[in-house]
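Some notes on the structure that comes next.
Bear in mind that the values in this text are calculations on the coordinates, not laboratory data. Nothing here was measured: the structure is a model prediction, and the numbers come from that model. Here the Cβ is made from the backbone with ideal geometry for all residues, glycine too, and neighbour counts use every protein chain on show.
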């Protein structure tokens, strides 16, 4: 199951998607932190830190942060875990990895999420911060998550979800589709930063609905899969390896 349909204005076929996304994030990585904080309506470090604790993150756990980007989720986890030594970050973009390495002394692995060079039953907790839409196949990715987690290990995915109602959907489109990209360009003076935010909007607009994400978790063998909505816009997806 693809997280969203093929964006023919970006790439011609599904197989071209990973290469396109990698190039986009490589080129926009230096501007990512400058725009992502305010753009997600204050869902910053405090939220990332508290939400991880609320869902069971504890001292001594082995953490895997998938599609780590510039390291924002892992950075928040470090405050909960008390250090970097139990954190592993996976990310396909060279540019994003370069930014994340400046912040963290974690273990970094350049890889797509669907086929990670990691051992079975290794991690206690797995996080994904607003990157669900970057995966090529949700069921394949979630099966990989299931493989690398220890029994009882938990997944926490944060995502922005387009509301169903007309008013909420219109606000979502206005903010993420128009205002956010415009201000990203204004703040950074970078066409690449603007293009990255436009792509964010396009993938959020076409992303599969939450019930499909939960179903993909269940198909991959997870239990207790659920979506917790926040403010009608954000989603917290959680699941447990039995």
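For the reader, a short list of remarks on this structure follows.
- Members of the stretch 111-145 that are within 27 Å of residue 161 (Cα to Cα), touching a strand residue (DSSP E or B) at 6+ places or on another chain (Cβ under 8 Å) and assigned to a loop (DSSP other than H, G, I, E, B): 111, 113, 116, 130, 131
- Some residue of the stretch 154-163 being at negative phi and more than 16 Å from the chain's Cα centre (by Cα): yes
- Check on residue 27, assigned to a helix (DSSP H, G or I) and touching a residue at least 40 places away in the same chain (Cβ under 8 Å): yes
- Any hit, the stretch 59-72, residues being out of contact with any strand residue (DSSP E or B) (no Cβ under 6 Å at 6 or more places or on another chain), crowded, with 23+ Cβ neighbours inside 10 Å and without any contact (Cβ under 8 Å) to a residue 40 or more places away in the chain: yes
- So residue 203, is it buried (at least 18 other Cβ atoms within 10 Å of the Cβ), touching a residue at least 24 places away in the same chain (Cβ under 8 Å) and assigned to a strand (DSSP E or B): no
- Residue in the stretch 2-12 that is closer than 24 Å to residue 125 by Cβ, surrounded by 15 or more Cβ atoms within 10 Å (Cβ to Cβ) and within 17 Å of the chain's Cα centre (by Cα) present: yes
- The residue list 99, 80 contains one member that is assigned to a helix (DSSP H, G or I), touching a residue at least 24 places away in the same chain (Cβ under 8 Å), over 17 Å from the mean Cα position of the chain (by Cα) and more than 28 Å from residue 209 (Cβ to Cβ), which is 80.
- Restricting attention to the stretch 131-143, the residues that are crowded, with 21+ Cβ neighbours inside 10 Å and more than 12 Å from the chain's Cα centre (by Cα) total 3.
- Flag if residue 192 is touching a residue at least 40 places away in the same chain (Cβ under 8 Å), crowded, with 16+ Cβ neighbours inside 10 Å, farther than 29 Å from residue 8 by Cβ and in contact with a helix residue (DSSP H, G or I) (Cβ under 6 Å, 6 or more places away or on another chain): no
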